[in-house]
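What follows is a set of notes on a single structure, which appears directly below.
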Amino acid sequence: MSETETPELDASAEAPSALPLDAWHRARGARMVEFAGYHMPIHYDGIMAEHLWTRAHAGLFDVSHMGQLMISGPDVDAALEQVISTDVTTLAEGRQRYGLLLNEDGGILDDLMVARAPMGLYLVVNGAMKWDDIAHLREHLPDDIVINHLADRALIALQGPEAVTALKRVVPGVDSLFFMEAGPFLWELEPLWISRSGYTGEDGFEISIPAEHVTTFVEALCAQPEVKPIGLGARDSLRLEAGLPLYGHDLDPETDPVSADLMFGFSKRRRAEGGFPGEQVILTRLANGPDRKRVGLLVEGRMPVREGAVIYAGDTEVGRVTSGGFAPSVNAPIAMGYVSASHAAPGIALEADVRGKRVPLTVTPMPFIPNNYHRRGAAK
């Protein structure tokens, strides 16, 4: 991705709203774009520089457009399991899991994170889908389940190998967390909810904080020498290198978890017992194999292959690119997409049609670079 190119991102049809940090972004020279119903920073110093800074140091991302929900009530675990893939009943306090919100045909309505907090189940859903998700949950959960949209809280992601070094100076004790663990912390007597997670493939944290205090908080973080603010452009290229799908591009209601290679979002118990929407479709597809698969694609040459490009094996159309761009850490164009199952094995040579020109591709495993999560029990 060049410094002047903007990733193809979903934009709301309604007039965009301002995030709590809107003035802060603009004061720092951010180029703002419309995304998921908000004005959001696409970059400050340039996408390439911000991407590489995050891989080497610590990048601060404003993800306050995401939906933060607190769900509680009688038998809330069993109730939530009726609409998502995740095993909730065995989720211990302070632990977090990735899951999928599913429709009755086994299609993916959204992907999300769910953590057990002292006051209930804390969900983070995609910003462009949060209102649809809230409506779906209200329709399908029992009436005595309370869904609290935490609209008065901002959400900040701090990502990169030096994220823990910087954050523990501001919020002592966060280094006790491991990947996919979460808990309550205090910063100047303000309540924070912090998880050790993120969407870049790097070690890092997501921090929920009262919106009225977020400007002071990010100033404290950016005073650390390891930290710089990073925009949506680098967030997109970082997640693509990490092989992570973006809802609305790589995932949609017509896509099932088997084809999307997201069955890690179902525990062994859930696969055995079922009880989730689209159970028959998903488990049958898992047993028989999907017709198509989400794969990584290495691109020959320097021409980026963008979303929507048709993929060919010879003269036969076999798939379509769903995300693509230049990968700064790989120093080459990469892409993600769906191809027929018979063409999904690593090493298979394919081609993409880019404005009438055939660009050679090679199916490759994802992630494109190793992830650096701080896992419990991992070798030092």
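Bear in mind that the values in this text are calculations on the coordinates, not laboratory data. Source: prediction; values computed, not measured. Here Cβ is always computed from backbone atoms with ideal geometry, including for glycine, and neighbour counts include all displayed protein chains.
Assorted remarks:
- Those GluC sites (Glu not before Pro) in segment 210-260 that DSSP places in a loop and that have at most 16 other beta carbons within 10 Å: GLU254
- Within segment 191-281, trypsin sites (Lys or Arg not before Pro) in DSSP loop having at most 10 other beta-carbon neighbours inside 10 Å: none
- For segment 64-212, alpha-carbon Rg over 2.2 N^0.38 Å: 1.03
- Other residues whose C-beta falls under 12 angstrom from the C-beta of HIS39 contribute a net charge of -1, scoring Lys and Arg +1 and Asp and Glu -1.
- Restricting segment 22-69 to trypsin sites (Lys or Arg not before Pro) in coil, as DSSP defines it, with at most 16 other Cβ within 10 Å: ARG28
- With Cα atoms defining each centre, segment 325-349 and segment 111-176 are spaced 31 Å apart in the structure.
- Per-residue [θ]222 nm for the chain (sum of -39500 (n - 2.57) over DSSP H runs n ≥ 4, rounded to 500): -5500 deg cm²/dmol
- Here, P(r) means the percent of Cα pairs in each 5 Å bin from 0 to the largest distance; for segment 17-97 it is 3, 12, 17, 15, 11, 10, 13, 12, 7, 1.
- Relative contact order of the chain, defined on C-alpha pairs under 8 angstrom at six or more residues apart (%): 18 percent
- Here's how it looks for ARG292: its modeled amide H is under 5 Å from those of ALA341, which are all 5 or more places away or on a different chain.
- Gyration tensor over the Cα atoms of the chain: the corresponding equivalent ellipsoid has semi-axes (square roots of 5 times the eigenvalues, largest first) of 31, 28, 19 Å.
- Kirkwood analysis of the Cα pair distances in segment 291-380 returns a hydrodynamic radius of 13.5 Å.
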